[in-house]
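Student: Mind looking over this structure? Questions follow.
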Amino acid sequence: MFNFGDMLGRMSDVQNKIKAAQAELAHKTVTAEVAGGLVRVTANGLQRITAIEIDPICIDPNEKTMLEDVILSGINQALEDASEMGKQEMAKQAKSFLPPGVDPSMFGL
């Protein structure tokens with residue numbers, strides 16, 4: 001028999017789990033290395049860039065455009081990696097409340 005109160009309670013639990021997972025993602029990071037590790041870009045699970053490290057060997061005023069391209073590449077890779085990490089964490093949380101056999105990817109997770 002359907003119990004609306006139970007359903008609301010479960011939804012509240014789900015919201016709390018999602019909030020907790022998002023808070024956890026703020027503290028998890030991924031680092032993308034490009035140009036053979038000369039540029040490293042770190043992003044957290046909320047897809048925020050938290051650090052950019054550039055090997056001094058890359059800093060040549062005559063190669064400004066190349067350095068900008070490498071940094072941009074590193075940022076894009078770090079954000080892609082952070083997005084994937086976030087999806088995996090959210091899918092893990094979704095599995096805890098979805099019925100057995102339901103694939104979280106059906107919901108974009």
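The values are calculated or read from the model by the stated rules, or taken from the named source; none is laboratory data. As the structure is a computational prediction, the values presented were derived from the model and not from experiment. In this analysis, Cβ positions are derived from the backbone assuming ideal geometry, glycine residues included, and neighbour counts consider all displayed protein chains. For the accessible areas, the whole protein counts, side chains as well, though only heavy atoms, and no ligand, DNA or RNA atoms are used. Shrake-Rupley method; radii C 1.70, N 1.55, O 1.52, S 1.80 Å.
Student: In whole percent, and with a 1.4 Å probe on the protein chains, what portion of the accessible area of the range 1-94 is carbon and sulfur?
Tutor: Working: 3430 of 6300 Å².
Result for the range 1-94: 54 percent of the exposed heavy-atom area is carbon or sulfur.
Student: Sticking with this structure for a sec: Each label point is 7 Å from the Cα along the Cα-to-Cβ direction; what then is the distance between the points at residue 76 and residue 88, in nm?
Tutor: 2.2 nm
Student: Quick check for you: with a 1.4 Å probe and neighbouring chains kept, what is the accessible area per residue of the range 41-83, in Å²? List each step's numbers first, then the result.
Tutor: On the way: 2770 Å² over 43 residues.
About 64 Å² of surface per residue is accessible.
Student: Which trypsin sites (Lys or Arg not before Pro) from the range 1-68 combine a DSSP loop assignment with at most 15 other Cβ atoms within 10 Å?
Tutor: Qualifying residues, ordered by number: 28, 48.
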